[in-house]
Amino acid sequence: MNHAAVAALLIAAAFAAAPLPSGAQNGTFPFFKCNAKTPYNFPGVSRSYNNGTYCGTLVVTPLNNASDPCANADLRKIEVNINPACDVKNTIVKATINGVPTAVSPSFFVPAGAPEGSYALRLTQLGLDQGNDGDNICITLSAKTPGAANACTKLESLCQAPPGAPPGTCVAALVDTTLRCCAVTEVRPTGVTPARPPPRLTCAYLRPRATPAATPISGSAPGGCQYAADLLKKPILAEIAAVGAVLDERVTPFSNCSNFCWAFNSSAEGAKMQEWAVNLVTKLRLETIGYETKYKCYPWLIGYQMDVIFGGYGIYPNIPPGDINADANIDAPINVSSIVCTPDLTTMTYPKCTCNTTVRNTRFGVQNWVHSYPGRKPTTTLYCFTVRVVNATDPTSPCGRTETLFKAEIWGDDKQRQKLKGIAIQPVGAKNFTYRAPSWGAPGDQTIKVSQLNWTPEQADGSKICLELDSNTNLDSFCMFGLKTCWINFFDESLACCPLYPASSLEKLFQDFA
């Protein structure tokens, strides 16, 4: 990926600054009351590159009066007055802070109360405070259509220079979260400075990808994002240290959900880890779906493949090249790249009855996760399945036409019958749980029965079916499968249709599998 695309946008930085009077009520930028009072500025030497990138260093100067309402102001957003001749629809602006793309992409907008034809550029949700003194802030300008005449790829065409100021002079408003602490700054370019190019991010991505055999993952799994990021972060940082790869000190390695990013000092440093990265994507392709477990697959990933990718910074699945490039779909051996998470259930002895257990053969399914809640006593815990209504694979079949969830059955340990203290149900619309005495199948069937539900799809979608267990056991030991997973059937009135689903306990799930 070229440096322009990665480095992203300045803010009004590359310049020497001078405060301007407020333009609150006289139709001048920023077209709202700006009190010219904030600890933030962009003075000093700026850095401008020939690739459309402009960078500056944020300077924080505490206000003299510590009791001033703006003394502790943050810096939430920066707005820049835009040249009306700029074709904003054909101009792309990206921004980084210390090499990390801003949480929200910059955007052009029409300021309220501005003269006709006016535009401004907004960089918002910056999340900066007075601890960010010295941060390197950059913008990168590029055209959506290469060669477009009015695209603003330089400050001279982007910014509306004040009267008498040289082209490329920008007027920027630095604003806090309350919108009360604001300063308008005139910033003037200081020319092109030969310097290091902006940092080039390299990232590793770990994402499940559904195949036609997958049931969509439903319900949130707290800790899942951190678990995925740590699976990448730990071996990557260890290998960086092992091979002595030099990182770009301007970028602090960071994690988002399911990905981990950093920057090498040069492409040559990244090349030191290329072969290792290919081996890692192959290894993680298997490990992350549970291929090395007894059942060859984690139940919450049935029907999924795990994408493991090294590349540049992008939005999955559109990953640009980075200083390391590896993809389990391409670089792993064919016997690995083609693997779909498919459990080996040859040793599974449930259910005992004869019925059609195919998933989605009726409209009744379950969320992937079992949630725990306090029981009726301090010594008990509720483990709750959340029912959901799904699209039946064949809605015209006898099973697919089912409109009633008649009963449910759960695979549990006969030897722990005394530890099941009750069954709680809560259809949609009910304010509270209704408790029932435990009901088991014949000894040896390992079956807990939740009979006479008779729920309509409206009652079932989001309803709960819970096991109240003594606190000296838990779902992992009480259920017969392992991997913190229970299996539950949903029966129609004919008892011929009983789709069977796994659901996994969230209690320390990802910590235990890390």
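Which one of these is β-branched (Val, Ile, Thr), out of contact with any helix residue (DSSP H, G or I) (no Cβ under 9 Å at 6 or more places or on another chain) and either within 29 Å of Gly147 (Cβ to Cβ) or assigned to a loop (DSSP other than H, G, I, E, B) (or both): Val93, Val80, Val104?
Of Val93, Val80, Val104, the one residue that is β-branched (Val, Ile, Thr), out of contact with any helix residue (DSSP H, G or I) (no Cβ under 9 Å at 6 or more places or on another chain) and either within 29 Å of Gly147 (Cβ to Cβ) or assigned to a loop (DSSP other than H, G, I, E, B) (or both) is Val104.
Answer yes or no: is there a residue in the stretch 278-287 that is crowded, with 22+ Cβ neighbours inside 10 Å and either of a type in the set (Gly, Ala, Ser) or touching a Gly at 6+ places or on another chain (Cβ under 7 Å) (or both).
There is no residue in the stretch 278-287 that is crowded, with 22+ Cβ neighbours inside 10 Å and either of a type in the set (Gly, Ala, Ser) or touching a Gly at 6+ places or on another chain (Cβ under 7 Å) (or both).
Pick out the one residue from Gln125, Gln130, Gln160 that is over 32 Å from the mean Cα position of the chain (by Cα) and of a type in the set (S, T, N, Q).
Values: Gln125 fails: over 32 Å from the mean Cα position of the chain (by Cα); Gln130 fails: over 32 Å from the mean Cα position of the chain (by Cα).
Just a single option satisfies the conditions, and that option is Gln160.
Going by the conditions given, is Val251 within 22 Å of the chain's Cα centre (by Cα), touching a residue at least 40 places away in the same chain (Cβ under 8 Å), crowded, with 20+ Cβ neighbours inside 10 Å and under 30 Å from Asp135 (Cα atoms)?
Against the criterion (within 22 Å of the chain's Cα centre (by Cα), touching a residue at least 40 places away in the same chain (Cβ under 8 Å), crowded, with 20+ Cβ neighbours inside 10 Å and under 30 Å from Asp135 (Cα atoms)), Val251 qualifies.
Which residues, counting only those in the stretch 453-475, are open to solvent by less than 50 Å² (accessible area, probe 1.4 Å) and of a type outside the set (A, V, I, L, M, F, W, C)?
Pro457, Gly462, Ser463, Lys464, Glu468, Asp470, Thr473
For Gly375, all conditions in the list (1) within 26 Å of Glu493 (Cα to Cα); (2) surrounded by 14 or more Cβ atoms within 10 Å (Cβ to Cβ) hold save one; what is the number of the exception?
(1)
Of everything in the stretch 65-97 that's of a type in the set (A, V, I, L, M) and open to solvent by 50 Å² or more (accessible area, probe 1.4 Å), which residue is nearest to the chain's Cα centre (by Cα)?
Taking the stretch 65-97 as the starting set, the residues that turn out to be of a type in the set (A, V, I, L, M) are 66, 71, 73, 75, 78, 80, 82, 85, 88, 92-93, 95, 97.
Still in the running and open to solvent by 50 Å² or more (accessible area, probe 1.4 Å): 66, 85, 92.
Details: Ala66: 39, Ala85: 37, Ile92: 23 Å.
Within the stretch 65-97, the match that is nearest to the chain's Cα centre (by Cα) is Ile92.
With the condition kept exactly as written, say whether any residue in the stretch 209-230 is among the acidic types (Asp, Glu) and without any contact (Cβ under 8 Å) to a residue 40 or more places away in the chain.
Looking for residues that are among the acidic types (Asp, Glu) and without any contact (Cβ under 8 Å) to a residue 40 or more places away in the chain, one finds none in the stretch 209-230, hence no.
Out of the residues in the stretch 50-64 that are part of a loop (DSSP other than H, G, I, E, B), open to solvent by less than 60 Å² (accessible area, probe 1.4 Å) and at pLDDT below 90, which is farthest from Ala120 (Cα to Cα)?
From the stretch 50-64, those part of a loop (DSSP other than H, G, I, E, B) are 50-52, 58, 61-64; that's our starting set.
Right, trim to open to solvent by less than 60 Å² (accessible area, probe 1.4 Å) and you get 51-52, 58, 63.
Now restrict to residues that are at pLDDT below 90: 51-52, 58.
Working: Asn51: 22, Gly52: 19, Leu58: 21 Å.
For the stretch 50-64, the residue satisfying everything is Asn51.
Within the stretch 79-107, which residues are of a type outside the set (A, V, I, L, M), touching a residue at least 24 places away in the same chain (Cβ under 8 Å) and under 21 Å from Asn51 (Cβ atoms)?
Asn83, Cys86, Asp87, Asn90, Thr91, Lys94, Thr96, Asn98, Gly99, Pro101, Thr102, Pro106
Does Ile302 satisfy the criteria of being surrounded by 16 or more Cβ atoms within 10 Å (Cβ to Cβ), within 25 Å of the chain's Cα centre (by Cα), farther than 25 Å from Leu247 by Cα and not hydroxyl-bearing (Ser, Thr, Tyr)?
yes
Could you tell me whether Arg285 is charged (D, E, K, R) and touching a Lys or Arg at 6+ places or on another chain (Cβ under 9 Å)?
Answer is no for this residue.
Residues are listed down the side, and each one gets a yes or a no for (1) under 37 Å from the mean Cα position of the chain (by Cα); (2) part of a loop (DSSP other than H, G, I, E, B); (3) not hydroxyl-bearing (Ser, Thr, Tyr):
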residue: Thr386; (1), (2), (3): yes, no, no
residue: Thr393; (1), (2), (3): yes, yes, no
residue: Pro398; (1), (2), (3): no, yes, yes
residue: Gln416; (1), (2), (3): no, no, yes
residue: Gly429; (1), (2), (3): yes, yes, yes
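Here is a list of conditions, (1) under 30 Å from Asp68 (Cα atoms); (2) modelled with pLDDT of 90 or more; (3) in contact with a strand residue (DSSP E or B) (Cβ under 7 Å, 6 or more places away or on another chain), and Cys181 meets all of them except one; can you say which number that is?
Cys181 satisfies all of (1) under 30 Å from Asp68 (Cα atoms); (2) modelled with pLDDT of 90 or more; (3) in contact with a strand residue (DSSP E or B) (Cβ under 7 Å, 6 or more places away or on another chain) except (3).
When both residues are 6+ apart or on different chains and their Cβ atoms are under 8 Å apart, which pairs have a first residue that lies in the stretch 114-130 and is within 18 Å of Ala85 (Cα to Cα), and a second that is of a type in the set (A, V, I, L, M) and surrounded by fewer than 18 Cβ atoms within 10 Å (Cβ to Cβ)?
Ser118/Val110; Tyr119/Val110; Ala120/Val110
Taking the conditions exactly as written (closer than 16 Å to Pro499 by Cβ, outside any loop (DSSP other than H, G, I, E, B) and either free of Cβ contacts under 8 Å to residues at least 60 places away in the same chain or not acidic (Asp, Glu) (or both)), does Ile410 satisfy them or not? Even if it seems obvious, please write down each step before you answer.
On the way: closer than 16 Å to Pro499 by Cβ: yes; outside any loop (DSSP other than H, G, I, E, B): yes; either free of Cβ contacts under 8 Å to residues at least 60 places away in the same chain or not acidic (Asp, Glu) (or both): yes.
Yes; evaluated as a whole, the condition is true for this residue.
Inside the stretch 318-347, can you point out the residues that are assigned to a loop (DSSP other than H, G, I, E, B), open to solvent by 50 Å² or more (accessible area, probe 1.4 Å) and either under 16 Å from Ala228 (Cα atoms) or among the acidic types (Asp, Glu) (or both)?
If the condition is that a residue be assigned to a loop (DSSP other than H, G, I, E, B), open to solvent by 50 Å² or more (accessible area, probe 1.4 Å) and either under 16 Å from Ala228 (Cα atoms) or among the acidic types (Asp, Glu) (or both), then Asp344 is the only one that fits.
For the stretch 127-149, indicate whether the set of residues that are modelled with pLDDT under 90, outside any strand (DSSP E or B) and aliphatic (A, V, I, L, M) is non-empty.
Yes; the residues of the stretch 127-149 include at least one that is modelled with pLDDT under 90, outside any strand (DSSP E or B) and aliphatic (A, V, I, L, M).
Quick one: Lys77 ticks every box in (1) out of contact with any Leu (no Cβ under 7 Å at 6 or more places or on another chain); (2) modelled with pLDDT of 90 or more bar one, so which box is it?
Among (1) out of contact with any Leu (no Cβ under 7 Å at 6 or more places or on another chain); (2) modelled with pLDDT of 90 or more, the lone unmet condition for Lys77 is (1).
If the requirement is being surrounded by fewer than 17 Cβ atoms within 10 Å (Cβ to Cβ) and free of Cβ contacts under 8 Å to residues at least 60 places away in the same chain, which of these qualifies: Val450, Val428?
It is Val428.
The values are calculated or read from the model by the stated rules, or taken from the named source; none is laboratory data. The model shown is predicted, which means the values in this text are computed figures rather than measured ones. Backbone-built Cβ (ideal geometry, glycine too); neighbour counts: all protein chains shown. The accessibility values were calculated without ligands, DNA or RNA, using every heavy atom of the protein model including side chains. Shrake-Rupley method; radii C 1.70, N 1.55, O 1.52, S 1.80 Å.
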